[in-house]
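The values are calculated or read from the model by the stated rules, or taken from the named source; none is laboratory data. Please read all numbers here as calculations on a predicted model, not as lab measurements. Note that we place each Cβ from the backbone using ideal geometry, even for glycine, and neighbour counts take in every protein chain shown. Surface areas here come from the heavy atoms of the whole protein model, side chains and all, with no ligands, DNA or RNA. Shrake-Rupley method; radii C 1.70, N 1.55, O 1.52, S 1.80 Å.
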Amino acid sequence: MEGVSKILGGVLDAKEGNVRRLLSALDEHQTLWAEPQHEIEFYFSKIVALLGSALTRDRGLIALSHFLPQCPLDALEEKLQYYVNVCSKICNQKGHVASIPLAYDVLKQILIKSLESSDLNKLAISNIPKLMDNITRSIDPSTHVAALDFLETVMRHYPGVSGPAKNRIEDYLYSLVDSEDPQVVERTGRCLLLLQQIRGGGQHGTLHKKTWDEYQCKLVDTIHDLLGKVFAHTPETFDVEENLECLKLPKLATDDEPVISARRIVNRLLNLISYLEEAIVLPYPVPKPFRPMKLLNVVLRGHSVSCQTMAKTTIQENLALGMLLPQVQVQLLKVLDALVLVLKSNMLPFGNLLTDLFDQCLKGTLTTGAKGRKKSYIALRTKVYGSIGLWCETVTYASGIEEITDGLLEHIVQDVAPFESEVTLQVNASRQKLSAKAKKKLQKEQNAATSLAKTHSTGSFENTKHLQSDYGNEVLCLAALRCLSQILNAAGCFIKPIMQKLIQEKIVSLCFSVFSQLNTGVRQNLYFDPNCRKALLSALHALIVNPHHLCPPPLQYGVALFNVAGVQDPNGDVRARASELSRSAETLVHPRKEVFYFPVEENAVKDMLVAKKKHPLNSTFFPAKQSYDGNRTPISFEKAKQQPVVRKVTEQVEEPELSDVDEPIAVVEEITIEEEKSPEVVFELDDVDSGGNCNNGELRKSVTDKTLESEAIEIDSDGEEEDEVEVVEPEQTPKKASKAVKTPNKSTEKPPKSDDDVEVVEEPLSTPKRATTQKRKSEAKEQPEETESSEKKSKPIVETDDVDARVDDLVAEFVDELNDDV
């Protein structure tokens, strides 16, 4: 929309809350940068005016941060130093605290923009040391996120400049180790990893490898030291090294309140584990020398103690640490996931340790008698299911998960089964001989003993005390169903047939129960969530496509359920997923048979190539290249006149007959002849006027019956210029020499300039099949020095056998390429 940029002044004068929205709306039209240079400078002068006032500085910083990524370099170079000075003063705690994150954002955009220009790069390098001093003095917690973003940009793009300030940066990052802001923790972990790279890599990256190994070991030892404080009052069976080399972190603040003290220990422990995860998964300049067993020991030690074990020591601090232990174990499982993602099959030697860990975690967090209410350890069990699924998905059949499937599938079934209210009825002997008072007393005792009174009697104490439902267990159910699908995909054929049958019956009956009550108005506790229904259908599909050879899959039930869910489910995503699974199951019911192979006709191939060139989208998909590859020879078809083609050759040959056939000829632009490589010519077919048969695919070439001595020939096409063929004697290696030959676009006839010159008339060349460079060898016979008064014309005799063979090869290659594409 033209003219939108004229209202930029009104946009910048809006309040801070509306500036971002208005700038985003203005950015949709992209008309600002199409304005003349003086208009763009006028807009930036308004931004400079906003930066000069303390009341409007925030709006100026927001606008500057928005425009910098797309700003032309010439408009930025003049004002860049002024922008840096303003932002530096703001970051030096001389401005409003709310303006500091905006200033750091502008500085970050300036650094990224400076990579595009050498002048801006020099300016950024000269200002970085001063800006680094401002970061290390940053105290306000609200500025940490923006300062860390800027620091990460500096160390990533200008590591050499930030090298001298490594110690100050390290102290600043260590001061944030107790932060409770997740964004600060994540950015601190990235900056600590970049800090290991700013001193250079040394020869072959040896220094990078050394610094990474030291950082890895110190981080692991620091985590072990904090785990020792967590398990200080709990007996451990895990052996830990005594001499630990830890990071130089600030000392933990002590507190008389045991709960607060436990929280500080666990918070620092969680942050360090997060740093370790970031260090494992983030890129590094050289291959990281991992120590898998040293890293796994951290995970195994954190899960060697359970909450039940810590509860045995009834110390208030120990109970507080036990309350926070599941958070630590969840974070340790993330480290395990990072190792699996990075090392992949290199973790196979430790597969038994992982499967034992998964089984131990599920058994230690099992809650008995928790039907009808939210279960315990939902976050930890959900993470365990996610780690199991990732392990199975990464190493597939080598996961070894089939060794623990009996207990694992039992846990999964318990977590995916919804709560169903039960009614217990008791039938006693006849009460005819009892008195009315005795009957009334017996009735009260029976009602008190039945679950009917506990769940459905109005006004009962049990009913008002606890409402039985599965509310809050949806996340655990979803994780269990996804884990079941991944287990079946990885090791479904290895599971025992009896377990396959049991899980099939459970999943099929659960599907029928869920999807038969969708539109009855009854709220399904677990499967009211559409994500759980999608995961349930995916688990059923995994049972169908990964059966045991002794246990047939529930294919008929699956097709019926997919069709029902694809029509009746109220959620669109579930219906789409069910339809997708239904189509997949249909390929099992009606597998595709072998199809007949019909060879493509030659004319159809040529017509298709011509139509492709003329298609309007051809220029969009394949834009024209400015230059061709030197090893390729483009050939284009053109229409030629009936007149013969005349060439000048510096040898006398005998005079063949002329051809009167009017056919397209090939314009050869360049042919390169190499000695060691097999000859190759790449042909590109241009459009022809008729747009139809491309002259039936024939490209005829004239060949003289008398050959010259082995000499190199260069062929060059410069349009409709005068055509010449020069045969040049090679200096040393004849095969490496090359000449230029211009193929005529129309027939011309010129007299020879000397007694040795003679005219050669050529017919149109036939289309070669294979892209090959051809060596033209001709032997010239000695002619008498005396020339006749009339001009001698010569025409080469076509070697039909070679031409037909090339035509057949070309057509066969086109057909093979087309069949491969199909």
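In segment 158-171, is there at least one residue being touching a Phe, Trp or Tyr at 6+ places or on another chain (Cβ under 8 Å) and open to solvent by 40 Å² or more (accessible area, probe 1.4 Å)? Among the residues of segment 158-171, not one is touching a Phe, Trp or Tyr at 6+ places or on another chain (Cβ under 8 Å) and open to solvent by 40 Å² or more (accessible area, probe 1.4 Å), which makes the answer no. Test residue 105 against the stated conditions and say whether it is of a type in the set (D, E, K, R) and more than 20 Å from residue 174 (Cα to Cα). When the stated conditions are applied, residue 105 passes them. Among the residues of segment 16-36, is any without any contact (Cβ under 8 Å) to a residue 12 or more places away in the chain, within 17 Å of residue 99 (Cα to Cα) and assigned to a helix (DSSP H, G or I)? Yes; the residues of segment 16-36 include at least one that is without any contact (Cβ under 8 Å) to a residue 12 or more places away in the chain, within 17 Å of residue 99 (Cα to Cα) and assigned to a helix (DSSP H, G or I). Quick one: in segment 76-85, which of the residues that are farther than 14 Å from residue 109 by Cβ and assigned to a helix (DSSP H, G or I) is nearest to the chain's Cα centre (by Cα)? By that ranking, first place goes to 77. Checking segment 58-73 against the condition returns no match, with no residue being free of Cβ contacts under 8 Å to residues at least 40 places away in the same chain and among the basic types (Lys, Arg). For segment 300-325, what are the residues that are open to solvent by less than 30 Å² (accessible area, probe 1.4 Å) and under 25 Å from residue 281 (Cβ atoms)? Within segment 300-325, 301, 302, 303, 324, 325 qualify. Close contacts from segment 137-164, counting a first residue that is closer than 19 Å to residue 61 by Cβ and a second that is among the charged types (D, E, K, R) and exposed (fewer than 15 other Cβ atoms within 10 Å of the Cβ), with Cβ to Cβ under 8 Å and a gap of 6+ residues or different chains, come to 144/181; 145/181. The requirement of being among the hydroxyl-bearing types (Ser, Thr, Tyr), modelled with pLDDT of 85 or more and open to solvent by less than 50 Å² (accessible area, probe 1.4 Å) is satisfied by residue 65. Note on segment 410-422: residues that are surrounded by fewer than 19 Cβ atoms within 10 Å (Cβ to Cβ), of a type in the set (A, V, I, L, M, F, W, C) and either touching a Cys at 6+ places or on another chain (Cβ under 6 Å) or part of a helix (DSSP H, G or I) (or both) amount to 1. The residue that is modelled with the highest pLDDT, counting only those in segment 184-213 that are over 30 Å from the mean Cα position of the chain (by Cα) and not in a helix (DSSP H, G or I), is 199.
When segment 130-183 is filtered for residues that are of a type in the set (Val, Ile, Thr) and assigned to a helix (DSSP H, G or I), the ones remaining, listed by number, are 135, 136, 143, 145, 153, 154, 161, 169. Only helices (runs of 4 or more DSSP H) whose full extent lies in segment 446-535 are considered here, and the ones with at least 3 residues that are modelled with pLDDT under 90 are 451-455, 461-465. For segment 254-261, state whether one or more residues are within 30 Å of residue 155 (Cα to Cα), assigned to a loop (DSSP other than H, G, I, E, B) and without any contact (Cβ under 8 Å) to a residue 60 or more places away in the chain. No - not one qualifying residue is present in segment 254-261. Which ones in segment 264-292 are aromatic (Phe, Trp, Tyr) and crowded, with 19+ Cβ neighbours inside 10 Å? Selection gives 275 alone. Considering segment 102-126, and only residues there that are charged (D, E, K, R) and assigned to a helix (DSSP H, G or I), the residue that is least open to solvent (accessible area, probe 1.4 Å) turns out to be 113. Restricting to segment 354-371, count the residues that are farther than 20 Å from residue 486 by Cβ and crowded, with 19+ Cβ neighbours inside 10 Å. The number of residues fulfilling the criteria is 0. If residue 503 satisfies every condition in (1) of a type in the set (A, V, I, L, M); (2) closer than 13 Å to residue 485 by Cα; (3) without any contact (Cβ under 8 Å) to a residue 60 or more places away in the chain but one, which is the exception? So residue 503 meets the others, but not (3). Among the residues of segment 309-357, those identified as among the hydrophobic types (A, V, I, L, M, F, W, C) and in a loop (DSSP other than H, G, I, E, B) are 311, 315.
Total residues in segment 234-259 satisfying the condition of being surrounded by 14 or more Cβ atoms within 10 Å (Cβ to Cβ) and farther than 22 Å from residue 169 by Cα: the figure is 7.
In this entry, residue 473 is excluded by the filter for residues that are open to solvent by 10 Å² or more (accessible area, probe 1.4 Å) and under 25 Å from residue 378 (Cα atoms).
For residues in segment 214-253 being of a type in the set (Gly, Ala, Ser) and assigned to a loop (DSSP other than H, G, I, E, B), which is modelled with the lowest pLDDT? Ranking the candidates gives 253 first.
For segment 380-397, the tally of residues that are among the hydroxyl-bearing types (Ser, Thr, Tyr) and under 16 Å from residue 360 (Cβ atoms) stands at 2.
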